[in-house]
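Notes follow once the structure below has been shown.
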Amino acid sequence: MQLKYTYILLTTIFIMSCTGTKTTTETFDRNKQPVAGPAPKVQLGKPQTFTLDNGLKVLVVENQKLPRVSVSLSIDNTPVFEGDKAGVSSLLSDLLGSGTTTVSKDQFNERIDFLGASVNYGSQSASMRSLSKFFPEVFGLMADGALNPNFTQEEFDKSKAKLVDNIKSGEKSVENISNRVENVLAYGKNHPFGEFTKMNQLQKITLADVQAFYNTYFKPNNAYLIVTGDVKFDLVKALVEKHLGSWQKGALPEYKLPDTQNVVQTEINFIDMPEASQTQVNVVSTTHLEMGDPDYHAVLVANQIFGGDFNSHLNMNLREAHGYTYGARSSVPASKYVSMFKAGAKVRNQVADSAVVEIMKELDRMYTEKVTEDELKTVKASYSGNFVMEVEKPETIARYALNIQKNNLPEDYYETFLAKINAVTADDVMRVAQKYFNKNNTRIVVTSKGAEVIPALEKLGYKINYFDKEGNSVDKPKMPEAVSNDITPAIVLEKYFTAVGGKDKLEAIQTIEQSYEFTMQGTPVVQVYKMQKPNKIYVETLVMGQSYGKMAFDGEKGYMTQMGNKLPLPEDRIAEYKNKKGIIDELLLLENSILKLDGIVNVNGSDAYKMLIDTNGEKSTKYFDVKNGLLVKEEKTTQDPSGKDFNTYTDFFDYKEINGILISHKVLTNGMGVDMEMLVKSVEINKIFTEDTFK
């Protein structure tokens, strides 16, 4: 009973505190939203600061709540245009942290791991986190790695190989290509924000180039060091002077950023990706918005309402009302150089034109309709809540102080932040939308499968300019051509059989063994395939010469291993293999599948018949060269380990004769965002296998 009385008492006190000391009933209109109170007054703590003789500015925020320390070093140089060395900064980012002139890479990493810390580097940055008791040692290691890096040819070659793999994998990503080209078009190829790493340029970059970039730009002149956490100012100052006091300042190259120019009239910029199953639609334009601009807070509110969060106009339209996408967003980040307004979403190819219409409709709405008071109140309340929670964190205090320094903001900038947000009116929102969103001078960048998307886009009335994956102007992609009525799937397949050596030779294949070699993140990999008619299969993956995994099926049952763990094949995989009737899939198509020719399309620069295939509900697409009959491309939908569908694309090149049969010796395959070039190492036809081969 005591617990019950206590509960009643506390509840009564709570009610009285909410209504004043009155206990009589008050009448109020529940249909009216309460009037918002004044913006909370925020008192930010001030970091302690000092500056070294070399120009390094240090900000220290003491906070003893937790025994942890975080450090961030950032060099605020003017953006660097790398030109024909584009990619050198990425290589430098990867190489920093590969040991120092006195500590090997392994020793460096092992010591960091032993201390339970983390140390990271960028081309013009460094950071660390550790327990406060290990802070002096970890800080010393971080500083040593930043000021005394050990650049070796071996690590450089590894970094370049990883960057090559990243570039290759990005070539099939709609989002990656869209971001790349829109930056090229918006900023220009001679602007640091518009350049990107090309494969041919990357191959020419040397270790000496990386060293030269580091020596030129890794300077303390414009550097800031933020130390936050369970530290004492005097200790930080002593450590910084000890480990970074010898960092030599130096003259930096002068570079004037080129001016950017928006289009005179809104247009569509189209990038053709024939393998794309989805479309990226982004509306982009450059603008000038700095954190110190009087319009800055109004732009934050306008963007939040337009496309800044889940409840925005853009997301409610494209996701909730129409179901075109999982999410649509917009952004207008401030920059002391040049900003970009960007809004868009990833949608299905079939609704690409409709998505363009709806995005532009919502953009027009921001120009012509005032936002409601409810929308303003909701956004302001969200900013207030998030802001108040953020300023409780010492990292936030340090970041805000850094922003004030970098952007030459008034000392009370963040203390008056919420008051300025709350002062934004509906008229302000419309005014800044008209000024910064550039509806009439914007690029609608559409990255997609041209054959499926362009005809509908042409009906929207915008001028369409076409670009390749590097942002170069190109002609309109060739649209699919109708297939003559006298050409059937059977004729296309017969031409393929003849091209590779004859149907009889294909039917005579009883066994085949092939080995492919490729690299993943710079690591050499070999895969060996052994198949025996009708459905026995063995696959082994070798990484650096060592067996990494196996898969075997003997016609009835099978298993797979990975790094020593052996598991039975899943039931659906066993059922799939049991139904397999031969080694050469094309021999079985006429008998087991529904086939349809869906036009003549361009594949890798040549015309190809597009053949749609439905085999017991499993759909795929094969492309056969119109002139020579060879299979040049294949698309399939499969599932990842979690059961989610994803598309795989395989291109076939370099056909060579083996026992009178032409076999592709170079295969480019992409699936789940991984792009691989596989080269045939060996092929044996009708080799005799033992029964144990597939056991």
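The values are calculated or read from the model by the stated rules, or taken from the named source; none is laboratory data. Source: prediction; values computed, not measured. Virtual Cβ from ideal backbone geometry, glycine too; neighbours counted across all protein chains shown.
Below are the figures for this structure:
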read-out: Condition met for residue 337 (touching a residue at least 12 places away in the same chain (Cβ under 8 Å) and within 21 Å of the chain's Cα centre (by Cα)); value: no
read-out: Among (1) touching a helix residue (DSSP H, G or I) at 6+ places or on another chain (Cβ under 7 Å); (2) surrounded by 15 or more Cβ atoms within 10 Å (Cβ to Cβ), the one test that residue 367 misses; value: (2)
read-out: Test result for residue 167, at pLDDT below 95, part of a helix (DSSP H, G or I) and among the aliphatic types (A, V, I, L, M); value: yes
read-out: Matching residues, the range 236-249, being buried (at least 16 other Cβ atoms within 10 Å of the Cβ) and part of a loop (DSSP other than H, G, I, E, B); value: 247
read-out: From 500, 483, residue being among the aliphatic types (A, V, I, L, M), within 20 Å of residue 608 (Cα to Cα) and outside the structural domain of residue 592 (by TED's automatic domain parsing); value: 483
read-out: Single residue of 568, 641 found to be surrounded by fewer than 13 Cβ atoms within 10 Å (Cβ to Cβ) and at pLDDT below 85; value: 641
read-out: Per-region count, the range 166-195, residues surrounded by fewer than 18 Cβ atoms within 10 Å (Cβ to Cβ), acidic (Asp, Glu) and closer than 17 Å to residue 90 by Cβ; value: 1
read-out: Residue satisfying all of: in the range 337-363; assigned to a helix (DSSP H, G or I) and aliphatic (A, V, I, L, M); farthest from residue 406 (Cα to Cα) among these; value: 351
read-out: Count of residues meeting criterion [over 22 Å from residue 447 (Cβ atoms) and either of a type in the set (D, E, K, R) or not in a loop (DSSP other than H, G, I, E, B) (or both)] in the range 250-286; value: 3
read-out: Matching option when the condition is more than 23 Å from residue 610 (Cβ to Cβ), surrounded by fewer than 15 Cβ atoms within 10 Å (Cβ to Cβ) and not hydrophobic (A, V, I, L, M, F, W, C), among 439, 463; value: 463
read-out: Selection from the range 81-106 of residues that are in a helix (DSSP H, G or I), out of contact with any strand residue (DSSP E or B) (no Cβ under 8 Å at 6 or more places or on another chain) and in contact (Cβ under 8 Å) with a residue 12 or more places away in the chain; value: 83, 84, 85, 88, 89, 90, 91, 92, 94, 105
read-out: Qualifying residues in the range 472-500 (those that are in contact (Cβ under 8 Å) with a residue 24 or more places away in the chain and small (Gly, Ala, Ser)) - the one surrounded by the fewest Cβ atoms within 10 Å (Cβ to Cβ); value: 482
read-out: Of all residues in the range 582-591 being surrounded by 14 or more Cβ atoms within 10 Å (Cβ to Cβ) and of a type outside the set (A, V, I, L, M), the one that is nearest to residue 494 (Cα to Cα); value: 586
read-out: Options 449, 469: the member that is within 26 Å of residue 338 (Cα to Cα) and surrounded by 15 or more Cβ atoms within 10 Å (Cβ to Cβ); value: 469
read-out: Single match in 200, 222, 215 (criterion: assigned by TED's automatic domain parsing to the domain that holds residue 138, closer than 30 Å to residue 285 by Cα and surrounded by fewer than 20 Cβ atoms within 10 Å (Cβ to Cβ)); value: 222
read-out: Which listed residue, of 223, 161, 212, is over 27 Å from the mean Cα position of the chain (by Cα) and touching a residue at least 24 places away in the same chain (Cβ under 8 Å); value: 223
read-out: Hits in the range 602-629 - residues which are in a strand (DSSP E or B) and under 17 Å from residue 591 (Cα atoms); value: 611, 612, 613, 614, 615, 618, 619, 620, 621, 622
read-out: Answer residue from the range 261-282, given it is among the polar types (S, T, N, Q) and within 17 Å of residue 451 (Cβ to Cβ) and is modelled with the lowest pLDDT among those; value: 277
read-out: Filter result (without any contact (Cβ under 8 Å) to a residue 40 or more places away in the chain and over 28 Å from the mean Cα position of the chain (by Cα)) within the range 254-272; value: 254, 256
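Residue-wise test of (1) among the aromatic types (Phe, Trp, Tyr); (2) within 17 Å of residue 406 (Cβ to Cβ); (3) modelled with pLDDT under 95.
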| position | (1), (2), (3) |
| --- | --- |
| 43 | no, no, yes |
| 73 | no, yes, no |
| 89 | no, no, no |
| 92 | no, no, no |
